[in-house]
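First up is the structure itself, then whatever we jot down about it.
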Amino acid sequence: MNKVQRIHSFVFLFFFVISPLLSFGEDWPTYRHDFSRTAATNDQIDLPLQRVWEYSSRQSRNAPRQKGELHIEVTPEFNRYALALIAAQGSVFFTSASDGRVGCLNAETGELIWEFVTGSAVGRSATYSDGKIYIGSDDGNAYCMDAKSGDLIWKYKAAPADRWMFSFGQMTSAWPVRTDIVVNDGIAYFGAGVFPHDGTFVYALDAKTGKKIWRNGTHCETLNRWSLAPVGYIYATQSNLYMPMDFKQFHWAVFNSYKKSTGQIDPWAGTDSDNPVGYGDPFYPIIGALHDNHRYHGNEAFLAEITVDEKTKKKQTKTERLWQVKTPEFQTDIHSVSGVPVMRGTVTRYDPDMCSVIYAGGVVFNAALKTDIEKGATGKIFARNPSDGKELWTTNIPEWPNQLIAAGGRLFVSTRDGRIHAYANNNSSGFKKIEETITSDSLTSDPMTSVAADEILKVALFYHSEGEKTKVQDPAKLVGEALVLDCESGALAYAISQKTNLRLYAVFDDEKRAEKARAAYNEAGVHISRITVLHVKEKDKVPYPSRFADFIFSERVLNGGKMPVDVAEIKRLQKPLRGLIIVGGKQTPESMQEWINGTGIQGWKSFNSPDVKMHWIGHEAPRLAGGGGWTHGYGDAGNTMCSHDSVLKAPLGVAWYGPPYSSRGAKGISPPIIVDGVLVCQFQDYIFKEKTYTEGYDQYTGRRLWRREKSMTDTIAAPGGVFQRFLEVLVQIDPWTGKEIRRYLPPFKNGQWSGMAADSDGKTLYLSSNGKDANEKDWSCILGMDTGTGEVLWILGGPGKEKQWSRWNSISDGRLYFLGEKAEGARREEAISEMAQWLKKMPGEEYKEFAGKLNEHDFRVLRAVDARTGELLYEHGVDISNAGGGWTRSVVTGGRRSYQPVLGGAVIAHADVVAFATAAGADKSWAVWPSGGYKARAIAVHDGGTGKLLWYRFANYRARPVMTDDLIVAEPWAFDLKTGNPKTRIHPITGEQAQWAFCRYNKQCGTFAGSRYLMFGRSRGVGYHDLLGDDGLYTFLQSRASCWIDTSSGGGMMIKPPHAIGCKCEVSMPFTIALAQVPQQPAVPQTFAQPGPLLPVRHLNLDLGGTGERRDNEGNLWVIPRKGQHQLLLQFEAIPTFLEGGGPVQRSANYTPIANTKTPFVFASCLRGMQNCVIPVTTPELGKFSYRIRVGFSALPGDELGQRVFDMTLNGNKVLKGYDILNESGQSDHAVWKEFVVEIEKDLTIELSSRSGPSDLSRMPLINAVQVHRIN
């Protein structure tokens, strides 16, 4: 897959042959020198230093000139051009996130010896050990290479599946290797993955062979806020690994500790005798350099004394300042090392490779920067006496320095723009400047490819110049993502990259051709930065996110090869509304028309290029059917809190993450808008609070499209337009370009706009306005306006009118709804009559009590106006008591920590109904609901066409309801939209009809929102519930839902900006996350809510070693044994007892292959050393039943025949005697079921007893699962 390129092979072969005879001094073999990250070496560097050489990498040509603005240039996209350095045995090794490679330089001359190219970014420093170089890549692989030649020794695929996502604008594996690789005692350790929700892992491999020794893939499944999210550099001690989760303000680091011997999480790592202070607790990486208990911070130094509290065993550090100096105009950027934030609620530094202070052989070196807004940042290197800080030597550097290392008597400095500077005491050969060459000969050998690219781009420009679109005429202005399928040489992708600003993705079905193209792109300076190469077997799916591609081309078709085979896959990848498929070339028009006929896709256009005898067909994607959108503050004009997106379905995974960032510095900001494939967000600058802006992003990739300054205001959208309301003017904006389309002024003089909403088709805008007339008399009006022409279609109220009309309450189904004054007379009587008739049907004391107080109810007038004509359709009396109106029963608000959510009313309309409900945030941590404090909360639903009552229920709900296409979801319940009947399900254990429930069981003081099939809201992080599959609640921990709505959905995605970044909660991340449907199930388990009795059992599936509930492919729910008192959660108490040392053995539920089963997650984990387990099944009162008992077993890897032999009894009857799992399965990780029939009157007791001798771990019995299914 990768090609090693050797430069000047003879010269450097000679260099390496004699290298054992040379003295290179001490190596710098890993980030910050060693795995304690001290940034200190004994290597002597004699002063003064002279610049020996400067190496300018290929990416330095494209690196932006950074200004040194530490509050702005702080995010990953600013850091990707820096080269991370190590040095060993006379060579300097650099890694590059910009172009995905590792390079080897001659430390004396700066000449490139070899380079090795991976499939994506290499974001961490390499590690040198025993003549080998180790790196991890964002392509999901770990690599080991020969340090002398660059030859690949082994490659290990750490990503458990093939799926890619966008990470800060770059395409990466969903499971990148973003830690460094620690090599210790012949074992290579590293982490993989980003988000626990999708799966994260810690690996230990044999450093020589790359064979797996162990993998921890279950810490991510714990649903703990500190679940593994491995990004950064691993700290290592004799017994433990300390893995940083580099989240919460980017570069804060909280360390999880794992035992090096097994990978098991070690929560007591704070007592590790040889770990640095702070390990085991929330920990900041070491600031500066550490040597002999002295900490050097660049401009200051401290004596650091570490003590251990005898009682708590926790370590503490006492510091005493030794010296401090000043460097006018220059600052040492230690914030990048310490992770100290600029301020709470802001984006902070993300420079994981920065090492701005080092200690080398009795000298402290530090890099400092000088901010220059006009010309760009520059740097300075200082050498100081470690005793008193006296300046010994200094030199200026023309760029912003990023990393210092010292080796072989030399100092090496990398900069943030992709350069390396080398300094030595003696420079007899003079200074040498090395510019890395760029060559594209192998990609430009066929001139017709360039001609064909021109013709393809002419077709693209035809589409882009039509109608009211972007009107792009110059191909160089084409931006976005382009997918080139069926690549043969990669020349087409390269030709297009040279003529446009597109980012291209070249897909090969031949692995060797892919490797060759990757090497060629690297030499041409476009690998990763412009073109990403992917090898996909011919019949496999392209593992890129759905709907990401602005353009889709085919190189094979261009050369006369066969047309694309998998049309459905192309449609999946094509971006809705503007994505273009352009294929053709040497194909005949007849053959392409035949292919079109077979696609079933309408709307193709044909194009000819007669000068070059080529033919093309093009197709522009239509609007995404069923994609819905989030167009108003409450989702839509009906206030449903729902996008009605029917494309978005589980399972969900991350499609992209990155900007927009947010400080959420002001309340009342409109929730994120999703329309026409664009995410529209509003922000306040996190330093300069007076600066506000609105930004548009490509919702499928996270690419920023536009920004409008001073525009944080009420914002809505509809197909074709984004509307922003200011007092004196309303502005319509093009969603894709951000350009102003037109302005609308209030209809009357001295008026102001007071409200707006839009039809779902975008053709009509509804506006409210108010002001004072010439006589200073207040007026208010509402109107309908044609968005295409600006023509006022109708108007109600206004100056001089007898009736003034204020803003509507909701709009849906061609009607504007107004909840008005107290109902009197006939209106009151019809409301009383309808409610009285309904209450006769409702059993229960609360309804009798309610009926007895009819005269005390809150009756109002509901009006409906025709949205097309402004005609009043009806006035009808409605009863909104306990449903947003007055209360007839006592009600409780609030919760823990004096949390008092505002209690108000909501008018919600959709699908020809209009509903009235209580609007409030949920009680924090379920402090009120369990005690019945919300039982008075009701929902009243009326027919939207007539205003007549459809149903009324006391619903005992916690937060503002969400209205989907057929349900009102009022947490924790849901009700049929038209009838009010509670949603039900078959109880997963008893088999009886039971009321459906969902539960945001964790910290969730905010409200929730939904799409057609999913509910989203805060549950510590972001919790979501799958309505379609009826799964429990999944939790995404690396972002926190806001107290208000920021989980907007639409266009097949849920997009969560960081509007909760100001919260103290550690899982509140400063970037946006987009979730979409993916092939893989979440790594995290679900938490299932089901109130009611659990007995008698009809069908019980117990996953004995699992981490939480999961459904199998046949829809069966597997539960784990656990205690609990939550009123809603399914908590089945079947608690096992163990031999000493026994307990769960847990492995990755999704990614542990198990043979002979359709439920591998059940056999991935087990209970080891279980003595007995009492499973409640029925009671004597409920009856005695006959049950089929199935017990599941699977041997662990490494087990041998005769090692684990045991007996098993069921309710005292021995059913297995001398049972050896391997004797039946023949191999480990092979599922075996044993089946029995048992009459049960109360409990099922399972007992296991070993017959293998002493009860050490290797001999203890294993058991994986139990099924209890009633026969009769």
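All of the numbers you see were taken from the coordinates with simple rules; none came from a lab. No experiment lies behind these values; they were computed from the predicted model shown. Don't worry about glycine lacking a Cβ; one is built from the backbone with ideal geometry, like all the others, and counts go over all protein chains shown.
Annotations for the structure displayed:
- Counting only Cα atoms, the size of the chain along its three principal axes is 105, 87, 75 Å, in decreasing order.
- Peptide ranges 941-948, 1080-1087 listed from the most packed, as the mean C-beta count within 10 angstrom indicates: 1080-1087, 941-948
- A full extension of the chain between Asn750 and Ile213 corresponds to an added length of 185.7 nm, given 0.36 nm per residue minus the alpha carbon distance.
- Inter-centroid distance (Cα atoms) of segment 805-880 relative to segment 610-661, Å: 37
- Taking every alpha-carbon pair under 8 Å whose residues sit at least 6 apart, the chain reaches a relative contact order of 8 percent.
- Here the gap between Leu392 and Arg572, fully extended at 0.36 nm per residue and compared with their Cα-Cα distance, gives a gain of 58.6 nm.
- Entry note: segment 1099-1270 has Rg to Rh equal to 0.95, where both radii use alpha-carbon atoms and Rh is the Kirkwood radius.
- Anchor Lys516: aspartates and glutamates whose Cα lies under 19 Å away (excluding residues fewer than 8 positions away in-chain): Asp99, Glu115, Asp139, Asp151, Asp441, Asp446, Asp486, Glu488, Glu538, Glu555
- Under 14 Å of direct C-alpha separation, and excluding same-chain neighbours fewer than eight residues apart, Lys318 reaches these aspartates and glutamates: Glu305, Asp309.
- Measuring between alpha carbons in the structure, the pairs from Lys157/Lys575; Lys841/Lys978; Lys801/Lys822; Lys458/Lys613; Lys132/Lys432; Lys148/Lys260 lying more than 18 angstrom apart are Lys157/Lys575; Lys801/Lys822; Lys132/Lys432; Lys148/Lys260.
- In terms of its alpha-carbon gyration tensor, segment 481-545 comes out oblate; a/c meets the 1.5 threshold, while b/c is at least as large as a/b.
- Charge tally in the Cβ shell below 15 Å around Asp965, where Lys, Arg are +1 and Asp, Glu are -1, Asp965 excluded: -2
- Rounded FRET efficiency, nearest 0.05, which uses the C-beta distance separating Lys840 from Phe726 and R0 of 45 Å: 0.30
- On full extension, the segment bounded by Lys1234 and Lys326 gains 319.3 nm, given 0.36 nm per residue less the C-alpha separation.
- A dipole drawn for the chain from +1 and -1 charges on Cβ atoms has a positive end, and of Ser1228, Thr631, Ala836 the residue lying farthest that way is Ala836.
- Between Gln804 and Asp976, the FRET efficiency from the beta-carbon distance, with R0 = 35 Å, is close to 0.40.
- Modelled this way, with points 7 Å down the Cα-to-C-beta line, the labels at Ala476 and Glu511 are 4.1 nm from one another.
- Between segment 902-938 and segment 689-751, the alpha-carbon center distance in angstrom: 32
- Proximity of backbone amide H atoms, modeled 1.01 Å from N, is registered between Ile741 and Gln732, Ile733, Asp734 at under 5 Å, excluding neighbours fewer than 5 places apart on the same chain.
- Theoretical FRET efficiency, 1/(1+(r/R0)^6), r = Cβ-Cβ of Lys822 and His1126, R0 25 Å, to 0.05: 0.05
- Neighbourhood net charge (15 Å Cβ-Cβ; Lys/Arg +1, Asp/Glu -1) for Pro1254: +2
- Hull shadow area, averaged, segment 441-620 [alpha-carbon convex hull, nm²]: 9.5
- For the chain, share of DSSP beta bridges that run antiparallel, in % to the nearest 5: 90
- Inter-probe distance in nm under a simple model that places probes 7 Å from Cα toward Cβ, at Ser428 and Thr789: 8.9
- Where a label projected 7 Å from the Cα of Ser1186 along Cα→Cβ would reach, residues of segment 1217-1246 with amide N under 17 Å: 1235-1242
- Summing Lys and Arg as +1 and Asp and Glu as -1 over all other residues whose Cβ lies under 10 Å from the Cβ of Ser1228 gives a net charge of -3.
- Distance in nm between pseudo-label sites at Ser465 and Gln498 (7 Å out along the Cβ direction from Cα): 2.4
- Overall form of segment 1132-1203 per C-alpha gyration tensor (a/c, 1.5; a/b vs b/c): prolate
- Annotation for segment 461-531 versus segment 1134-1197: alpha-carbon center distance of 52 Å.
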